[in-house]
Amino acid sequence: MCDFFNWIFRKKKQSFREDEEIMKKFLVVGLGNIGEKYHNTRHNIGFKILDFFALKEAITFETVKLADKANYKLKGRTFIFIKPNTYMNLSGKAVKYWLEKEKIPLENLLIITDDLNLPFGALRLKTKGSDGGHNGLKDIQEKLNTNKYNRFRFGISDDFGKGRQIDYVLGEWTASENDKLDERLNKSIEIIKSFGLSGMNNTMNGFNGK
């Protein structure tokens, strides 16, 4: 009888440890388009932020199923970074696959995206919302069947003429914007780390509007 209760106790302890480990894993997704011609465009800020993070922390991306992927560990947390290689409009396929593959809860997902409705360099975090006409977010919402997922929006402004939106978002940063990008990218790294260490609510309180 004692052996049976010991077995039950060990199973519960093992299950608790597994659940605890799952809650310490985070999926951070930078949205963008693959290919050199898109590398320095406004629409690719999600890729750019993760590439900047990788450069600063000396981590390397490798090409895997549906994405380029890198792992980063910090204070007992595991961050899994992916840059979908499905092109922007099919981003949800990669997000759904890696959430399920790594058994990461939805609340530990963070999507990094550009936002025309914010001034250049403005940083905003939200736990839910509409896709705002963004094709990447639209596909993620469809694949996950919910709009309740964390997103980190990087403002690219809407400084374009009528009918020029596509040219603008797929255009490269101006010299003036490039001069200011490093400071914003460093702040973005702080946001990602805070998301894993302090949680989404504390991160929103600490960084929204900064």
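When the label point is put 7 Å from the Cα of VAL64 along its Cα-to-beta-carbon vector, which residues of the range 80-98 have a backbone N closer than 19 Å?
So the set is 80-87, 91-98.
At 7 Å along Cα-to-Cβ for each site, give me the label-to-label distance between THR127 and GLU107 in nm.
Roughly 0.8 nm, to one decimal.
Please find the FRET efficiency linking LEU197 to LYS37, where r is the Cβ-Cβ separation and R0 is fixed at 35 Å, and quote it to the nearest 0.05.
About 0.45, to the nearest 0.05.
Using only the alpha-carbon atoms, how far is helix 135-144 inclined from the longest principal axis of the chain? Give it as 0 to 90 degrees, nearest 10.
20 degrees
For PHE160 and LEU74, calculate 0.36 nm times their separation in residues minus their Cα-Cα distance, and state this gained length in nm to one decimal.
Value of the extension gain: 27.0 nm.
Please report, in whole Å, how far the alpha carbons of the range 23-207 spread along each principal axis, starting with the longest.
45, 32, 32
What distance in nm separates the two pseudo spin-label positions at ASN117 and GLU190, each 7 Å out from Cα along the beta-carbon direction?
2.6 nm
Determine the relative contact order of the chain: mean sequence separation of Cα pairs under 8 Å and six or more apart, normalised by residue count, in whole percent.
It rounds to 23 percent for the chain.
Greater than 32 Å separation of Cα atoms is the criterion. Which listed pairs, LYS48/LYS138; LYS103/LYS180; LYS83/LYS210; LYS65/LYS187; LYS69/LYS126; LYS24/LYS93, meet it?
LYS103/LYS180
We did not get these values from a lab; they are worked out from the coordinates using the rules stated. A quick note: this is a predicted structure, and the numbers were derived from the prediction, not measured. Here Cβ is always computed from backbone atoms with ideal geometry, including for glycine, and neighbour counts include all displayed protein chains.
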